[in-house]
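Below is one structure, written out as structure tokens; the observations come after it.
No lab work stands behind these numbers, since they all come straight from the coordinates. Quantities reported herein were computed from a predicted structural model and do not represent experimental measurements. For neighbour counting, all protein chains shown are included, and Cβ atoms are generated from backbone atoms with ideal geometry for every residue, glycine included.
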Amino acid sequence: MRVTANEALQRLRDGNARFVSGSYRSEPLRSQARRQELVAEQAPFAVILGCADSRVPVEIVFDQGLGDLFVIRVAGNIVAPSLIGSVEFAAERFGTRLVVVLGHTHCGAIYATLAALQKPESTRSQNINSIVERVRPAVEGLMLTELRDDPVALAEQAVRANIRASANQLRHGSAVVEQLILHDGLQVVGAEYSLETGRVEFFEGLS
């Protein structure tokens, strides 16, 4: 039976609550028997587009096991064509109906982008610059506000602005995703993981 977006969201919330409290349940879901169950097929109940940061291991943060989550990780949880294609694949192939863009506090990609906006002459490799340039549109407007004088608040708001932008790009950057949202119950939501507390706050795109 297909897991609805709302059911999937509740599973993630419950799993994160277990992670925060230290009462894990997913060890049996990493067993040899579970591995054998997944050899022929998979049915992940959620897609997570998250940051590649080593401090945000998605399955652990949500206390999930093998086969539960279709995880896409890239610095800055940015959206590019290959990443949209990965989301399309999971949504169409497995019937997954929840997509979460998961950012986090103290994100290095956000700091790099803010540094580039403040000192455009700073040198970076073309590959790193490709990440910065995808984050830039979401955060550069913040530099025109009073936040530019408060580096801590600026970074906090930039993280959230980038999450919102990535979620919006997923919703509208693919005809496949748009149709699934309109006609088949797909939801794309944004969330932020706190490195300090371990909590995930879902704050964008909730129905």
Open item on the list: Please list, ordered by chain and number, the residues whose modelled amide H lies under 5 Å from the amide H of VAL101; skip anything fewer than 5 residues away on the same chain.
Closed with: LEU49, VAL189, GLY190, ALA191
Task: Linear extension gain, ARG25 paired with ALA153, 0.36 nm per residue minus alpha-carbon span - done: 42.5 nm
Task: All Cα pairs of the chain, percent lying beyond 22 Å - done: 50 percent
Task: Student exercise, the stretch 58-165 dipole from Lys, Arg, Asp, Glu Cβ charges, in Debye to nearest 20 - done: 220 debye
Task: Those trypsin sites (Lys or Arg not before Pro) in the stretch 45-97 that DSSP places in a loop and that have at most 16 other beta carbons within 10 Å - done: ARG55
Task: HN-Hα J in Hz across the stretch 45-55 - Karplus 6.51, -1.76, 1.60, θ = phi - 60°, x for Gly and Pro - done: 8, 8, 9, 10, 9, x, 7, 6, 3, 5, 8
TODO: Could you tell me whether the stretch 104-170 comes out rounded, prolate or oblate from its Cα gyration tensor? Rule is a ≥ b ≥ c as square roots of the eigenvalues, rounded for a/c under 1.5, then prolate if a/b exceeds b/c, otherwise oblate.
DONE: oblate
- [ ] Under 1.5 on a/c is rounded, so check that first for the stretch 50-114, then, if it is not, pick prolate when a/b is larger than b/c and oblate when it is not; a ≥ b ≥ c are the square roots of the alpha carbon gyration tensor eigenvalues.
- [x] oblate
TODO: Would you mind working out the magnitude of the charge dipole of the chain relative to its Cα centre, with +1 at each Lys and Arg C-beta and -1 at each Asp and Glu C-beta, to the nearest 20 Debye?
DONE: 340 debye
- [ ] Please list the non-local residues whose amide H lies under 5 Å from the amide H of VAL74, H modeled 1.01 Å from N, same-chain partners needing a gap of 5 or more.
- [x] GLY50, CYS51, ALA52
